[in-house]
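These notes concern the structure reproduced below.
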Amino acid sequence: MFEILIYLFETYVHSESKMSIDYKSLTNDLSDIGFQQKDIYNALRWLKNLSCYKKNNISSMSLASGQISTRVYNQKELFKLNSDCRGFILFLEQLEILTLDTREMIIDRIMALEMNELNLEDLKWIILIVLFNAPGCKIVYRKLENLLFNFTTEIIH
C-alpha cells in the first residue's frame with residue numbers, strides 16, 4: 001500500500017499532471033504495473049480519508065501564536081513511530097512547518113498505514129503527501145520540500 005501512495009504522489013500529484021480521476025482505469029493501471037488489488041483498494045481508501053480533511057476545512061493554527069503543546073504518544077504510536085520519527089516530527093513543529101492540526105493529521109494517516117514500523121524516510125514521504133493535500137499548507141509544503149530535496153553541503157577547506 002505504501003509503495004502505491006508514493007507511486008501516485010510522484011506520478012500524478014507531485015508532477016501536477018492534469019487528469020480527471022477515473023478510479024476504474026487508475027485501478028487497472030496500478031494492477032497492470034503489478035500492484036495487488038487489496039493494496040490498491042487500501043491506498044485509494046487512505047487517500048480518500050486524507051481528502052476528508054479538505055472537506056472538513058481544518059483550521060490553520062499557527063505555532064507562532066502560542067499554540068504549542070507536547071505530544072504524548074500512545075503505545076501503538078510509540079511502536080509504529082521510532083524515536084527518530086518522533087524527533088523529526090518535533091523538529092518540524094519547532095521550524096513551524098507543522099502545526100498542531102497538521103501533526104495530528106500526519107499521525108492519523110501514519111496509524112492508518114498497514115505497516116508495523118515506519119522509518120524516517122517513509123515518514124518524510126507521508127508528511128509531504130499530507131501537507132500537499134492539507135488546506136492552507138502550500139507554503140509549508142514548499143518549505144519542507146526545499147528542506148528535504150534542495151539540501152546543499154558546503155565544502156570547508
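The values are calculated or read from the model by the stated rules, or taken from the named source; none is laboratory data. Nothing here was measured: the structure is a model prediction, and the numbers come from that model. Methodologically, a virtual Cβ is constructed for each residue, glycine included, from the backbone with ideal geometry; neighbour enumeration extends over all protein chains shown. SASA here: full protein model, heavy atoms, side chains in, ligands and nucleic acids out. Shrake-Rupley method; radii C 1.70, N 1.55, O 1.52, S 1.80 Å.
Filter segment 124-147 down to residues that are farther than 16 Å from Asn49 by Cβ and β-branched (Val, Ile, Thr) and give me whichever is surrounded by the most Cβ atoms within 10 Å (Cβ to Cβ). Ranking the qualifying residues of segment 124-147, first place goes to Ile127. Filtering segment 83-103 to residues that are open to solvent by less than 40 Å² (accessible area, probe 1.4 Å) and without any contact (Cβ under 8 Å) to a residue 24 or more places away in the chain leaves only Gly87. The residue of segment 104-123 that is surrounded by the most Cβ atoms within 10 Å (Cβ to Cβ), among those that are of a type outside the set (A, V, I, L, M, F, W, C) and at pLDDT 90 or above, is Arg109.
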